[in-house]
1. If a/c stays under 1.5 just call it rounded; otherwise compare a/b with b/c (prolate if a/b is bigger, oblate if not). Do that for segment 155-256, with a ≥ b ≥ c from the square roots of the Cα gyration tensor eigenvalues.
2. Enumerate the lysines that Lys287 could reach by cross-link, defined here as Cα to Cα under 24 Å, with residues fewer than 8 away along the same chain left out.
3. As a test, work out the antiparallel percent of DSSP beta bridges whose residues both lie in segment 164-280, rounded to the nearest 5.
4. Of all DSSP beta bridges in the chain, what percent run antiparallel (nearest 5)?
5. In nm, what is the difference between 0.36 nm times the number of residues separating Glu166 and Glu203 and their Cα-Cα distance?
6. What figure, in Å² to the nearest 10, do you get for the accessible area of Ile119 with a 1.4 Å probe and non-protein molecules left out?
7. Within a Cβ distance under 15 Å of Arg224, other residues only, what is the Lys/Arg minus Asp/Glu net charge?
8. Taking segment 185-319 as the region of interest, what is the percent of Cα-Cα pairs per 10 angstrom bin, listed from the shortest bin to the one with the maximum distance?
Amino acid sequence: MVLTRRAALGMTGLAGLAAMAGCATPGGEAADASGTRTVEHPLGTAEIPVRPQRVIALDAGAGLQTSLEAGAPLIAAETLAGETAIPDYLPKPPGGFQPLGFNEIDLERLTALAPDLIIGSRSRVEELYPQLTKIAPTVAYLNTADRVRWRDTALTVADLLGARPELERRLAEFDAAAKDFAEQHTESLKQRSVALVRFTADEVRILTGVIFPSDLLAQLGVRRPASNEPKEADATYISLTRETVPVLADADTILYFSGGGGFAQESGELFAEVTEGPLWRRLPAVKAGRAHQVNALNWWDGYSTSAAHACLTELAGLL
């Protein structure tokens, strides 16, 4: 049986889920004699192996990327839509790994894989959680859809895999690189405000808040223009139409990309219409040659220290 799910970005129930975010991190719990431990998470309680040997990740973000960075025994995972299923900046999957595609769960296939642990973002596994728990212990975690920072989600996943020290090492390594970057480019970062824009199938979005690339720019000390400040404090994007694109006129620099996620093949028409149109071409950043198209695989599909390093490299080239 194959069922398609959509990742919900709505606010329904987020207050309660946010309060449970700490419960999704099982660090510090003691293992019992049988080699399992009890973990509370946003969808319930699970008894999971202390050292899982056959992990399935139903999330191409933190689930897939943190598992690969941690060297976990990942036997299968949801992968990205589009031409690239697994970004090249990530460590290679272990032998025998099976890609599961994007936004689908095949319960019969998962059963045949005989996992001893299933992990996935709350929005990915919630609909089929009861069925998944019959296959293997299943743990859900919160992510940026629930207004949780990517690095916090990654630490939660690493905890579930028994690999928190490795991820902490990777985060510390990236934090040092980000600090060096900010110090090397202090003047450039002070002089120019930066707008961050994504084209989807039906609208133009200014990215903000805890969403991965926006959080990354904030860590680097990048200044954002007034147009990038959302009306709701926890919003992750601001919607623009073709006609309201001129609000980006207050940005000294524009970083933009098309698609990513489930929209990898769907945003080309709107992207071409806007970026080749007069309103876009009149933007000061565009006229000055300071509008830069960046790689969606890094800036949107990224959810790891590996992706963060890739963004840093790309940004350094532009500066």
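1. The shape class here is oblate.
2. Leaving aside lysines fewer than 8 places away in the same chain, those within reach of Lys287 are Lys190.
3. For segment 164-280, the DSSP antiparallel bridge percentage is about 55.
4. 45
5. 9.4 nm
6. 0
7. Summing Lys and Arg as +1 and Asp and Glu as -1 gives +3.
8. Going from the shortest bin to the longest, the percentages are 12, 47, 36, 4.
The values are calculated or read from the model by the stated rules, or taken from the named source; none is laboratory data. Since this is a predicted model, take the numbers as computed values, not measurements. All Cβ positions, even for glycine, are placed from backbone atoms using ideal geometry, and neighbour counts span all protein chains on display. To get the accessible areas, we keep the full protein, side chains included, count just its heavy atoms, and leave off ligands, DNA and RNA. Shrake-Rupley method; radii C 1.70, N 1.55, O 1.52, S 1.80 Å.
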